[in-house]
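The values are calculated or read from the model by the stated rules, or taken from the named source; none is laboratory data. Keep in mind that what you see is a predicted model, and the values were worked out from it rather than measured. Because the Cβ atoms are built from the backbone with ideal geometry, glycine has one as well, and the counts that use them run over all protein chains shown.
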Amino acid sequence: MPTINITPDKAIQEMMDFTQKLGKSFKNLLNAEEITTGVTLKEIIYQEDKMILYRFIPEVTPVKKPIPVLIVYALVNRPYMTDIQEDRSTVRGLLNEGLDVYLIDWGYPDGADQYLSMDDYINGYLDRCVDVIRKRHAMDKINLLGICQGGTFSLCYSSLHTDKIKNLVTMVTPVDFHTPDNLLSRWYQNIDVDLLVDTMGNIPGEMLNYTFLSLKPYRLMGQKYLDMVDVLDDPETAKNFLRMEKWIFDSPDQAGETFRQFTKDFYHGNKLIKGEVQLGEQTVSLNNITMPVLNIYALQDHLVPPSATRPLKDYVGSGDYEELAFKGGHVGIYVSGRAQQTIPKAIGDWLNKRSK
């Protein structure tokens, strides 16, 4: 075994250094101003119930691409992850590529939303947002960018409304929910969702958030807070850390009936790839997706492993299908330096070639 060479002088110095860093960290945390959510200027285009449709206003690069792109985020987290700070913003990257960018903010469901169904979200709110943008730009079709669960919603929508979507981009989107390495799916497959929803109504966001954290408990609930002493002695780094913490613990409740159907249809029944998802009186078939598709996934994603998203190519009916593998994780694909340099540009280039 290797010899551990720690002298008393060295141990004392390390303890002093740690204490000094800890003091600076506390000072920076105490002096931190209110942490804002979303940094890019935006305007409200349409609002219905708790849902808001935003359009981002370009600050430097004028809009070059004539066909707008609508970002559809997941219900379970807040969409400002795509625009979390000036130098870590997927939205700003897309704007810099000359795209006209819209985003749906689903809001915070409460007791009045308990009986909202997936049909309400997809054929209701999402469809009306698409129609608002189509009318605003006098276009028959727009581009859709779906992220995580929002990507699954976008697949369902594009299958049922092929006449309204020009190009489809999916990011870290689950498609096959029964792959062996999908730990989150294994957990979902063993819950009695009827008992859960019938008992609780809406599903608390805090409960789901701690479920996600428990998938990597040491890294996400232990090591992160031990490591923070090495970075929080810098005021700007402290603010960045707090932004991420605010997003992680800013989890909306989930409308009970939508949570019930999503769990049963996708995690329990794996119905998306079977062509058995029912939305109202319509059946979702991925084979109906004949528009161009760009599928982006993260190689180190612990929530949506690559094995869960890559099967999309086997089920869509598109003759123009491409994949982009990102070397990083589920969150890093939005905020890492590597992502900022590659992902928005890749999306912009891909859409530009198909948005004449």
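Quick notes on this structure:
- Residue match in the range 241-251 (condition: farther than 22 Å from Trp106 by Cα and touching a residue at least 40 places away in the same chain (Cβ under 8 Å)): yes
- Exactly one residue out of Leu294, Leu303 is modelled with pLDDT of 95 or more and touching a helix residue (DSSP H, G or I) at 6+ places or on another chain (Cβ under 9 Å): that is Leu294.
- Sole residue being surrounded by fewer than 20 Cβ atoms within 10 Å (Cβ to Cβ) and either among the small types (Gly, Ala, Ser) or out of contact with any His (no Cβ under 6 Å at 6 or more places or on another chain) (or both), chosen from Gly93, Gly107: Gly107
- Applying the condition of being over 20 Å from the mean Cα position of the chain (by Cα) and without any contact (Cβ under 8 Å) to a residue 40 or more places away in the chain to the range 110-136 and asking which residue is surrounded by the fewest Cβ atoms within 10 Å (Cβ to Cβ) yields Lys135.
- Filtered by the rule that a residue be part of a strand (DSSP E or B) and buried (at least 20 other Cβ atoms within 10 Å of the Cβ), the range 268-322 gives Val277, Leu279, Val284, Val293, Leu294, Asn295, Ile296, Tyr297, Ala298.
- Pairs with Cβ under 8 Å, 6+ apart, first in the range 319-334 and within 15 Å of Gly146 (Cβ to Cβ) and modelled with pLDDT under 90, second of a type in the set (Lys, Arg) and surrounded by 18 or more Cβ atoms within 10 Å (Cβ to Cβ): Tyr334/Arg88
- Members of the range 128-185 that are hydroxyl-bearing (Ser, Thr, Tyr), over 17 Å from Val101 (Cα atoms) and in contact with a Ser or Thr (Cβ under 8 Å, 6 or more places away or on another chain): Thr152, Ser159, Thr162, Thr173, Thr179, Ser185
- Here Lys64 meets each of (1) surrounded by fewer than 20 Cβ atoms within 10 Å (Cβ to Cβ); (2) modelled with pLDDT of 90 or more; (3) under 24 Å from Asn352 (Cα atoms) with one exception, condition (2).
- Asn190 vs. criteria farther than 18 Å from Asp253 by Cα and at pLDDT 85 or above: yes
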